[in-house]
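This report refers to the structure that appears directly beneath it.
Here, each number is a calculation from the coordinates, and none is a lab measurement. Since the structure is predicted, the reported quantities are computational estimates derived from the model, not experimental observations. Backbone-built Cβ (ideal geometry, glycine too); neighbour counts: all protein chains shown.
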Amino acid sequence: MDNLQNFIQYKIFESFEKLVAFTTTKQTLNEENPRFTGDSSAIFENNRKQLATKLDINANQFIFPRQTHTNCVAEILHIPETEIGETDALCTSKLEICLCVQTADCVPILLFDPIKNVVSVIHAGWRGTVKRIVEIGIQKMLVNYNCSPKNILAAIGPSISQEIYEVGNEVVQSVRKSIPNAEKTLRKRSSGKFHLNLWEANRQILLGNGIFTENIEILGDCSFQKSDKYFSARKEGINTGRMVSGIMLKS
């Protein structure tokens with residue numbers, strides 16, 4: 001897993017040999033529109049096997065929740081026998097369990113405490129962002145594993161950018177109500193429409209929970225503008241494929 005081709009890797013994690021942290025691209029798998037969860041295993045089984053082969057692990061080491069834009073964060077103590085539903089983030093201190101979320105314009109966030117050896121992966125669209133799911137993920141790390149915010153490293157992966165992401169009044173009001181320094185995340189265009197910076201919104205929440213500025217990496221790739229590299233539901237339609245962002249502690 002040292003030379004992952006066609007994967008996004010994050011500089012903030014590169015010095016940790018016992019950590020695997022990645023985001024897939026359109027070039028990672030030989031599938032046009034891959035999905036990794038679904039009502040039938042036929043939808044995702046081959047995609048998981050392909051991804052596992054690329055990562056040199058077994059497909060049964062993956063955990064993919066069924067995401068529904070909640071602020072639910074599940075602690076993983078072992079590989080579950082059934083699918084985890086209504087959940088958009090996972091955390092664990094267990095080795096050889098690869099925590100994953102799927103995105104196609106929403107924000108994937110990877111968290112790692114190298115002192116306590118705890119990892120978390122988070123799916124945050126605008127709903128999850130205003131529900132402060134990343135804050136809930138951090139608090140679970142603090143309460144369940146005695147982590148300290150000063151030790152937590154965070155990577156914010158590819159998603160739709162502020163330049164593209166026009167939002168309506170409902171979103172603007174929710175952002176102003178729940179995001180610290182909300183005006184830093186909103187830009188009003190000459191048309192009167194607002195554009196939201198999901199990267200900055202989640203960065204503000206991270207900072208508000210004690211994560212150091214220098215411990216936050218924003219990849220800065222727009223899934224819409226770079227749709228040759230990433231899946232974009234807004235550009236390509238809801239039935240497009242999904243990127244996977246995953247994180248795992250190696251033994």
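Without any contact (Cβ under 8 Å) to a residue 24 or more places away in the chain, more than 12 Å from Val107 (Cβ to Cβ) and either part of a strand (DSSP E or B) or touching an Asp or Glu at 6+ places or on another chain (Cβ under 7 Å) (or both) - does that describe any residue in region 227-242? Checking region 227-242: at least one residue is without any contact (Cβ under 8 Å) to a residue 24 or more places away in the chain, more than 12 Å from Val107 (Cβ to Cβ) and either part of a strand (DSSP E or B) or touching an Asp or Glu at 6+ places or on another chain (Cβ under 7 Å) (or both).
Just checking, how many residues over region 51-71 are touching a residue at least 24 places away in the same chain (Cβ under 8 Å) and not in a helix (DSSP H, G or I)? Walk me through how you get there before you give the answer.
From region 51-71, those touching a residue at least 24 places away in the same chain (Cβ under 8 Å) are 51, 54-57, 61-67, 69-71; that's our starting set.
Checking the rest, the ones that are also not in a helix (DSSP H, G or I) come to 56-57, 62-67, 69-71.
Adding up the residues that qualify gives 11.
Tallying residues that are over 19 Å from the mean Cα position of the chain (by Cα) and either within 23 Å of Asn215 (Cβ to Cβ) or among the aromatic types (Phe, Trp, Tyr) (or both) within region 17-43 yields 2. Those helices (runs of 4 or more DSSP H) of region 113-205 in which at least 1 residues are surrounded by 20 or more Cβ atoms within 10 Å (Cβ to Cβ) and of a type in the set (Ser, Thr, Tyr), considering only elements entirely within it, cover 126-130.
Candidates Ile115, Ile79, Ile84, Ile63: the one that is within 28 Å of Glu135 (Cα to Cα) and under 16 Å from the mean Cα position of the chain (by Cα) is Ile63.
Taking residues in region 205-219 that are closer than 19 Å to Thr23 by Cβ, and partners anywhere that are aromatic (Phe, Trp, Tyr) and outside any strand (DSSP E or B), the pairs with Cβ atoms closer than 9 Å and at least 6 places apart or on different chains are Glu217/Tyr10; Glu217/Phe13; Ile218/Trp199; Leu219/Tyr10; Leu219/Trp199. Taking region 35-92 as the range and being among the hydroxyl-bearing types (Ser, Thr, Tyr) and touching a strand residue (DSSP E or B) at 6+ places or on another chain (Cβ under 9 Å) as the test, the residues that pass are Thr37, Thr68, Thr70, Thr87, Thr92.
Thr82 meets all of the listed conditions (1) of a type in the set (Val, Ile, Thr); (2) buried (at least 24 other Cβ atoms within 10 Å of the Cβ); (3) out of contact with any Leu (no Cβ under 7 Å at 6 or more places or on another chain) but one, namely (2).
Look through region 24-45, keep the residues that are small (Gly, Ala, Ser) and part of a loop (DSSP other than H, G, I, E, B), and return whichever of them is farthest from Ile156 (Cα to Cα).
Filtering region 24-45 for residues that are small (Gly, Ala, Ser) and part of a loop (DSSP other than H, G, I, E, B), the one farthest from Ile156 (Cα to Cα) comes out as Ser40.
Is it the case that some residue within region 34-50 is under 21 Å from Ile109 (Cβ atoms) and either without any contact (Cβ under 8 Å) to a residue 24 or more places away in the chain or small (Gly, Ala, Ser) (or both)? No. Does region 137-150 contain any residue that is of a type in the set (A, V, I, L, M, F, W, C) and under 25 Å from Glu236 (Cα atoms)? No, there is no match, as no residue in region 137-150 is of a type in the set (A, V, I, L, M, F, W, C) and under 25 Å from Glu236 (Cα atoms).
Run down Arg187, Arg242 and say which single residue is basic (Lys, Arg) and within 23 Å of Phe112 (Cβ to Cβ).
Details: Arg187 fails: within 23 Å of Phe112 (Cβ to Cβ).
Going through Arg187, Arg242 in turn, just one is basic (Lys, Arg) and within 23 Å of Phe112 (Cβ to Cβ): Arg242.
Can you tell me which residue among Ser174, Ser178, Ser159 is in contact (Cβ under 8 Å) with a residue 12 or more places away in the chain, of a type in the set (S, T, N, Q) and in contact with a strand residue (DSSP E or B) (Cβ under 8 Å, 6 or more places away or on another chain)?
Working: Ser174 fails: in contact with a strand residue (DSSP E or B) (Cβ under 8 Å, 6 or more places away or on another chain); Ser178 fails: in contact with a strand residue (DSSP E or B) (Cβ under 8 Å, 6 or more places away or on another chain).
So the residue among Ser174, Ser178, Ser159 that is in contact (Cβ under 8 Å) with a residue 12 or more places away in the chain, of a type in the set (S, T, N, Q) and in contact with a strand residue (DSSP E or B) (Cβ under 8 Å, 6 or more places away or on another chain) is Ser159.
Residues in region 57-78 that are of a type outside the set (Gly, Ala, Ser) and over 19 Å from Lys140 (Cα atoms) were compared, and the one that is surrounded by the fewest Cβ atoms within 10 Å (Cβ to Cβ) is Asn60.
Among the residues of region 8-37, count how many are among the small types (Gly, Ala, Ser) and surrounded by 14 or more Cβ atoms within 10 Å (Cβ to Cβ).
Step one: of region 8-37, the residues among the small types (Gly, Ala, Ser) are 15, 21.
The next check asks that each one be surrounded by 14 or more Cβ atoms within 10 Å (Cβ to Cβ); those that pass are 21.
So the count comes out to 1.
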